[in-house]
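The values are calculated or read from the model by the stated rules, or taken from the named source; none is laboratory data. This is a predicted model, so every value here is computed, not measured. Note that each Cβ is placed from the backbone with ideal geometry, even for glycine, and that neighbours are counted across all protein chains shown.
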Amino acid sequence: MVTGKAAIQAVGVSKVFQSAGQDSLKALDDVSVAIRENEFFTLLGPSGCGKTTLLRLIAGFDFPTDGDILLYGENIAPLPPYKRPVNTVFQSYALFPHMTVAQNIGFGLEMLGKPRDEINARVSEMLALVQMDSMRNRRTSQISGGQQQRVALARALAPKPKVLLLDEPLSALDYKLRKEMQIELKRLQHETGITFIFVTHDQEEALTMSDRIAVMSKGRILQVGSPRDIYDRPSERFVADFIGETNFLEGALVSTAKDKGKVKLVAGPVIDAMIPEGLKSSTKVTVVVRPEHALIGKPTKASVLKGVLGNIVYFGTDTHYHVKLEGGGEFTVRQQNNQITNGSFMVGDKVGLAISLGTAQVLRD
Amino acid sequence: MGSAQDIVTSEERRDIRNRWLLSAPALFLIAIAAIGPLFVVLLYSVMLKGDYGDVKFWSFSRDGWFEVFFQKDIFDDTVSWADAHIIVLWRSIRLASYTTLLALVLGFPTAYFIATRDEHRRDVWLFLITIPFWTNLLIRTFAIQELIRNEGLVNSVLLGLGVISTPIQMMYTDFAVMLGMAYVFLPLMVLPLYSSMEKMDFRLVEAGYDLYAGRFQVLRKIIIPLVKPGIIAGSILVFIPALGSYVTPRMLGGGKILMLGNLIDLQFDQGRNWPLGAALSITLMAIVMVALLFYVRNASKSGAGHG
C-alpha cells in the first residue's frame, strides 16, 4: 500500500458525553487514525460504536474531550465548523427547505463571500456533476429522495472542501437506488479527487466502496486496512464476526515461523494458519476460516476436518453446507454451484473438508 | 337498490342535521356575543348623540364618524383635522409596534433557549413562562409600577449605587406604557415562537455552520426564515391587544399617555359622545384588519417565493 500524505489525523482522541443524572458515556476511547489524501476511507461499525461521533468531531459539531484532530498537520479540534474547510453530507440530507436546489448548492460559496457570477458558474458545474441540471429552480420538497441525495452531495462539494464527510448518506434510499449511488459516489470521489470519509454500518457497502476501512466497536478502532485485509486477515474476533460469515475454530498454537504457524485444533487435527505479528506459540488461539475458503468432498486421509453434513441451503449462485465436525463444533462451507457439485451430497453424508492454503487466520485475542 | 339508497341519504341527512344541532350552541354564542354587539356598535356610530350620554335612537347622524377625523371650531364652524384623535391614533400604532418589536427581541432568545433544552425540561420552562398569566392584569401592572416609579426599585438601586443623582422619570412616559405592555404580552410572543422552533430541524442549523455560515448568518439565513410563521403569529397576537390596550396605558401612562382604548373609554364616560366612541371602536377594528391582511399577505409571499 502506497502511503500518501495524511489529510486527517486523529491523535489520541476521546469523547465523553456528560449528562445530568446519568452515567457519563465514553463514545470514543483514545482513538488514533491517519486518513490519507484522496482516499475513500470508511468508518465501519454497529450503531453506538462511535463512528458518527468521530465524524462529528472532524466536522466540528462536537469537540473532543481529549486529543487532537489534525487537518494536513494543523490542529483543527478547537475550531468551529464554519472555520474548517470540511463539508458534510448528512444522513437526513438536511437540505434547506426554504431555498431552491440552486440556492442550497450555492449556500456555502455565498457564505464564503464569493462573487455572484462565480457562485452561479460553480452551481451549474455541480448540477452537471450530479446530473441535476433540470432541477435547478425546484424546491427541495419537490424532488425525490435520490435527487435530494444528489443535491446534498453537490452542496457539500461546491465549496471544494479538503475533506468530505458522509454520515450514512445512503441509508434512507431503497436497495436499487443505493447500489446506483454507491457507484455514483465512487465516480464523484474519483473525479473531484477529494478525500472522502464515509460512515456506515453496512459491511457490504464498506467493502465495495472503500480504499481503506476502519472497523470500530465500543469507541475504539479495532483494525484499519484495505477491504481485502479486513476480510481475509481479520485481527480480532469482532472484526471477523462483524464482516461476512466466518467459522471459528479453537486450538493451540504449537509452532510459529515468520507469519505462519501450526495450530492444533481442539477437534484433533493440526492445520496451517497465518498468524498476526508477535504472537507466541503454545498459547490458546482462535482460527477463522471463511466459508468460501473451504472445500467439501468425500472424506479421505488428506481431509483436514471430517464431519457429518447437517444441512444444505441452496442460494442460487452457491450452496451452503453446514457440517457437524467430528470432535465437536460446526463448520459452514460455501461452494459455488456448478454441474459437478450439484446434488452430489445428501444430508447425513460423511464428508471431509479441505482449507485453501494461506486462508486460515489466527486471531490476536 | 332504490330503497337502500334512500336509507343512505336519509342517514346522511340526519347526520348533517345532527351536526348542525351539535354546533348550534357555538353558532348561537358567536351570533349573540360577537356579531350582535358589533352590529349595535355600528348602529350607535351612526346615531345622534344624547345629551347625557347614550344616543337618540333612529335619528341618524354622521357626526360620530365626522368627529373621528375632523373637528368643527365652536365659534366660526371652520373644519380642521381632529389633531388630538390623530395623535392618539398614531401613538397607539407606534407604541403597539414598539411593544411588538420589544416582545420579539425579548421573546426570540427566550423561545430559542426553551426549544433547545431537554424535552422534559422544556415543559418546566413553558410552565414558568405562563405563570404571569395566573395573576390579575392589575396586579401585574402595579408590580411594574413598583419597579419603575421614582421611589421604585430601579431608581433606588441606581441612586444607591451613585449612578444617578436624581431619579429617572419613567412613570407616565411612552417607555413605561411600552414596557408594561411588552411584559404583559410577552407570553403571547414566546409561545408561538417556541412552537415553530420546536418543529425546526436543528440539523439544518448544523448544516448552516458546516457550510461556513457564522452564528449571525445562521440566524439570519436559516433560523429566522424557518420560524417565520411563529414570528408572524406572535407579532399578531401581541400587536392587536397592544393596539387596543386600556389598563396598561391608564396606569403607567397616567392621564397623559392616551391610547385608543382610553380615548374610546373617554367618549363613553366623561365625553358623553357615544356615537364618536362607537366610530372610534370600529376604526380600531379596521386598523387591526388592515394589519392582519398585511401580515397574511406577507406570510404567504415569504412562504412561496424567496427569490
Restricting the stretch A:207-220 to residues that are at pLDDT below 95 and of a type in the set (A, V, I, L, M), the residue that is farthest from A:Gly244 (Cα to Cα): A:Met209
Filtered residue count, the stretch A:158-181, keeping only those that are surrounded by 17 or more Cβ atoms within 10 Å (Cβ to Cβ) and either among the β-branched types (Val, Ile, Thr) or more than 14 Å from chain B (Cβ to nearest Cβ) (or both): 5
Unmet requirement for A:Met135, which otherwise passes all of (1) under 20 Å from B:Pro225 (Cα atoms); (2) free of Cβ contacts under 8 Å to residues at least 60 places away in the same chain: (1)
Pairs, first over 19 Å from B:Leu102 (Cβ atoms) in the stretch B:161-178, second part of a loop (DSSP other than H, G, I, E, B), C-beta under 6 Å, six or more apart: B:Pro167/B:Asn150
Residue selected from the stretch B:185-203 under the condition out of contact with any helix residue (DSSP H, G or I) (no Cβ under 6 Å at 6 or more places or on another chain) and away from chain A (no Cβ under 14 Å), by the criterion nearest to B:Arg117 (Cα to Cα): B:Ser195
Search result, residues across the stretch A:138-183 that are of a type in the set (D, E, K, R), touching a residue at least 12 places away in the same chain (Cβ under 8 Å) and assigned to a helix (DSSP H, G or I): A:Arg150, A:Arg155, A:Arg178, A:Glu180
Residue ranges of strands (runs of 3 or more DSSP E) in the stretch B:18-79 with at least 2 members in contact with a strand residue (DSSP E or B) (Cβ under 9 Å, 6 or more places away or on another chain) and touching a residue at least 24 places away in the same chain (Cβ under 8 Å): B:47-49
Total residues in the stretch A:234-243, condition touching a residue at least 40 places away in the same chain (Cβ under 8 Å) and buried (at least 19 other Cβ atoms within 10 Å of the Cβ): 5
Selection count where residues are surrounded by fewer than 20 Cβ atoms within 10 Å (Cβ to Cβ), within 12 Å of another protein chain (Cβ to nearest Cβ) and not polar (S, T, N, Q), scope the stretch A:73-95: 5
Scan of the stretch B:204-243 for residues that are surrounded by fewer than 18 Cβ atoms within 10 Å (Cβ to Cβ), within 9 Å of chain A (Cβ to nearest Cβ), out of contact with any Ser or Thr (no Cβ under 6 Å at 6 or more places or on another chain) and basic (Lys, Arg), ordered by number: B:Arg215
In the stretch A:100-122, the residues that are within 12 Å of another protein chain (Cβ to nearest Cβ), in contact (Cβ under 8 Å) with a residue 40 or more places away in the chain and touching a Lys or Arg at 6+ places or on another chain (Cβ under 8 Å): A:Thr100, A:Asn104, A:Ile105, A:Gly106, A:Phe107, A:Gly108, A:Leu109
